[in-house]
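Since the structure comes first, as C-alpha cells, the remarks are kept for the end.
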Amino acid sequence: MTRFAIGIDIGATWVRVAIGSEDGELLGRVVEKTSKFPGTDIVRWLADTISALMQKVSVKKISGIGIGSIGPLDIRRGMILTPVNAPLRNVNLVSPLRKKFSVPVYLVNDATAGVIGEKMYGRGEKYENIVYVTLSTGIGGGVYVDGNLLIGKDGNAAEIGHMVIDMEGKLVCGCGKRGHWEAYCSGKNIPNFARYLISRSDEELVKRSLLTKETGGDFSKLTAEMIFRLADKGDELARNIVNEVGRLNAIGFSVLVNMYDPELITIGGAVALKNPKHLVLNPIIENIGEYAINRIPRIEITTLREDVVLLGALGLAMEPPETYLRYIKSD
Ligand SMILES: [Zn+2]
C-alpha cells in the first residue's frame, strides 16, 4: 500500500504545504506568504491546512509530517527560534502537530531538507556524497558524507554561508561577523558587494554603465536581479560584478569540494533559479579548478527547482535519516 505524508517548506517569503506519496508525487499543495504569520500564528494555520489537504485528496492516514524551515532552529525541541528574515518568533512547531495528528513530526533546517530532497527524489539518488547549496536571500547548505546526513553538535554542521572567504573582512555579514561568503554572494548582499566593487571601478566605466542609468546614480537602489539582468545584456560593469560574485562562489564551492569530497553538488535558491544559468553556474565551474585540490564533482542546478525543500521535507517524514534520528533522541 502506498504511504502518504506531509511536507512543509517554511521560507523567508513563502510557506508551502503539500501532501505527497512515498515516491515523491505531490498530490496537493497550499502556498501562503510567511509574512501573514507573526509570532506563533503559523501553527494553527498549518494544522488547518494539513486537515484540509488530507480531505481534499481523500487520504485518511498519513505516515508523518516533515518540515524544512528557515533557522535558527532548535531541532531537538522542535522549535523555530527568531529568524532575521521572517516574523516568526519562538514557534513551538513539532509537539502541537504531533499531538493533533498522532504521527511523527520532524524538523530540519531548509537547506538540510534540500539535500534530503536531492538524495531521495533528485539527482542524488545514486550517490552517497552530496552537497546541496542554496543561493538565496542567504546562503545555506546540506551535506551527506558516506551516506550520512551531517548534523553536528547543535545541528549546524553545514552553516556554509558563514565560512570566511575574505580574511580582510571587507564586508559585514547579516550575522554580524566579517568576511563571510554570504556577505558577498547572497541575494540580499550582492548589491552591497556591488557597491564595494563600483567604488573601486573606473569612473568612466561606471558613468556609462546601465546600472548608473537604471538607478539614476543612486546605488542604494541596486538589486541582485538588476545586476544579473544587465550583465546578461552585456553591460560591462554589471558583467564585472557578476564575474566577481562567480569567483567568490567558486572559492566557496572549492571549500565544499575540499572538505566533503562530494560526488555531486546541486544548487537551488532564487539567485540560482531566477537568473541566467550561464551567469551563475558557469563562473563557478570555470574558476573552481583554481582553488580545489580534490577531484571536481558534478555541479548543477537542482532539477527539483522550487520544490527541492518541499520534497526533502516529504522525504524526511517518510524516511528520516539515521544520524538525524540519533541526534534528536540524544541529549
Ligand atoms: Zn555570517
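Some points to look at:
- Within region 185-201, the residues that satisfy the criterion of being crowded, with 21+ Cβ neighbours inside 10 Å and within 16 Å of the ligand (Cβ to nearest atom) are 185, 186, 187, 189, 190, 193.
- From the list 182, 236, 263, 204, the one residue that fits, being within 16 Å of the ligand (Cβ to nearest atom) and either among the charged types (D, E, K, R) or loosely packed, with under 15 Cβ neighbours inside 10 Å (or both), is 182.
- Any strands (runs of 3 or more DSSP E) falling wholly within region 1-40 and containing at least 3 residues that are touching a residue at least 60 places away in the same chain (Cβ under 8 Å): 4-10, 14-21
- Leading residue by the ranking (farthest from residue 218 (Cα to Cα)) among those in region 168-205 that are part of a helix (DSSP H, G or I), of a type in the set (Phe, Trp, Tyr) and in contact (Cβ under 8 Å) with a residue 40 or more places away in the chain: 184
- Test: residue in region 249-265 that is farther than 20 Å from residue 181 by Cβ and part of a helix (DSSP H, G or I): no
- Residue in region 148-157 that is more than 9 Å from the ligand (Cβ to nearest atom), modelled with pLDDT of 95 or more and in contact with a Leu (Cβ under 7 Å, 6 or more places away or on another chain) present: no
- The condition of being at pLDDT 95 or above, touching a Phe, Trp or Tyr at 6+ places or on another chain (Cβ under 6 Å) and within 19 Å of residue 321 (Cβ to Cβ) holds for only one of 94, 115, that being 115.
- Within region 70-96, residues that are without any contact (Cβ under 8 Å) to a residue 24 or more places away in the chain have Cβ atoms under 7 Å from residues that are surrounded by 19 or more Cβ atoms within 10 Å (Cβ to Cβ) and of a type in the set (Gly, Ala, Ser) in these pairs: 95/78, counting only partners at least 6 apart in sequence or on another chain.
The values are calculated or read from the model by the stated rules, or taken from the named source; none is laboratory data. Worth saying up front: this structure is predicted, and the values here are computed from it rather than measured. Virtual Cβ from ideal backbone geometry, glycine too; neighbours counted across all protein chains shown.
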